[in-house]
Amino acid sequence: MRRVVVIDYDGGNLASAAQTARHVVNENGLDAEVVISGDPETVLAADHIILPGQGAFAHCASGLDGGLREALIEATDRGTPFLGICVGMQLMAEWGLEHGRTAGLGWIRGSIAKMTHALDAGLRLPHMGWNVLEFEPGAHRLTDGLSPGDHGYFVHSYALTDWDPADIVATAAYGDAVPAIVARDNRCGTQFHVEKSQKTGLTIMGNFLSWKP
């Protein structure tokens, strides 16, 4: 039986992310169990890793201290599939600029900065609610079963900037293009909340949990 580990690092949204993963496991008849854990050894032994998150980048980054950061890096270096959700996705970047400059995991290029382009366009922050996902069909295994124009549910005021186009799977428009799904090798993430995105979120979670290392 495969083990899906939802990382407990004081990042919030753990229960709802785990509940969504368990729902997908049951609905799809997957031979897997979903556990919530902050133990580095459990993370190292995982078959799939989910890093949810809400709140400030710096606070969430500090929650990876004590061995979780190293376990995440080692496990994913070995090819374990990783899904970051909201701030969990943001932590994949090189830096976060919320409450000072904080190092991320450095898996994708760019920094997490306030969405000033949205304010310049007269839009409110946070970017909250449903928004359209724009992507090329077949762009990545996470989007299998989705169509351009499907919606994700967003809640954020900071977003990835100075990105590498090769890391971007999907965007959403909010004053400018906002990275919505990112991926590099076995590491991927969504800026929107998979667990709040209904059919779109369940499809993405199903695609992720069907991803065999």
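Of all residues in segment 116-139, none are under 13 Å from the mean Cα position of the chain (by Cα) and either within 24 Å of Val6 (Cα to Cα) or crowded, with 21+ Cβ neighbours inside 10 Å (or both).
The set of residues from segment 159-176 being in contact (Cβ under 8 Å) with a residue 40 or more places away in the chain, open to solvent by less than 50 Å² (accessible area, probe 1.4 Å) and touching a strand residue (DSSP E or B) at 6+ places or on another chain (Cβ under 8 Å) comprises Ala159, Leu160, Thr161, Asp167, Ala172, Tyr174.
The residue that is nearest to Cys86 (Cα to Cα), among those in segment 182-213 that are in contact with a strand residue (DSSP E or B) (Cβ under 6 Å, 6 or more places away or on another chain) and small (Gly, Ala, Ser), is Gly189. Residue pairs whose Cβ atoms lie under 8 Å apart, sitting 6 or more positions apart in sequence or on different chains, and linking a residue in segment 119-134 that is assigned to a helix (DSSP H, G or I) to a partner that is not hydrophobic (A, V, I, L, M, F, W, C), are Leu119/Gly175; Asp120/Gly175. Being assigned to a loop (DSSP other than H, G, I, E, B) and either closer than 15 Å to Tyr9 by Cβ or in contact with a helix residue (DSSP H, G or I) (Cβ under 9 Å, 6 or more places away or on another chain) (or both): is that true of Leu72 here? The answer is no for Leu72.
Select the strands (runs of 3 or more DSSP E) contained entirely in segment 1-69, then report the ones holding at least 2 residues which are under 18 Å from Arg187 (Cα atoms).
By residue number, 2-7, 48-51.
Out of the residues in segment 177-199 meeting the condition of being of a type outside the set (A, V, I, L, M) and open to solvent by 10 Å² or more (accessible area, probe 1.4 Å), tell me which one is farthest from Gly29 (Cα to Cα). Ranking the qualifying residues of segment 177-199, first place goes to Arg184.
Conditions tested, residue by residue: (1) touching a Phe, Trp or Tyr at 6+ places or on another chain (Cβ under 6 Å); (2) part of a strand (DSSP E or B); (3) over 20 Å from Phe57 (Cα atoms); (4) polar (S, T, N, Q).
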| site | (1), (2), (3), (4) |
| --- | --- |
| Ile108 | no, no, no, no |
| Tyr153 | yes, yes, no, no |
| Leu160 | no, yes, no, no |
| Ile181 | no, yes, no, no |
| Met205 | no, no, yes, no |
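The values are calculated or read from the model by the stated rules, or taken from the named source; none is laboratory data. Predicted, not measured: the structure shown is a model, and the values here were computed from it. Cβ atoms come from the backbone with ideal geometry, glycine included; neighbour counts cover every protein chain shown. Remember, those area values only see protein heavy atoms, side chains included, never the ligands or the DNA or RNA. Shrake-Rupley method; radii C 1.70, N 1.55, O 1.52, S 1.80 Å.
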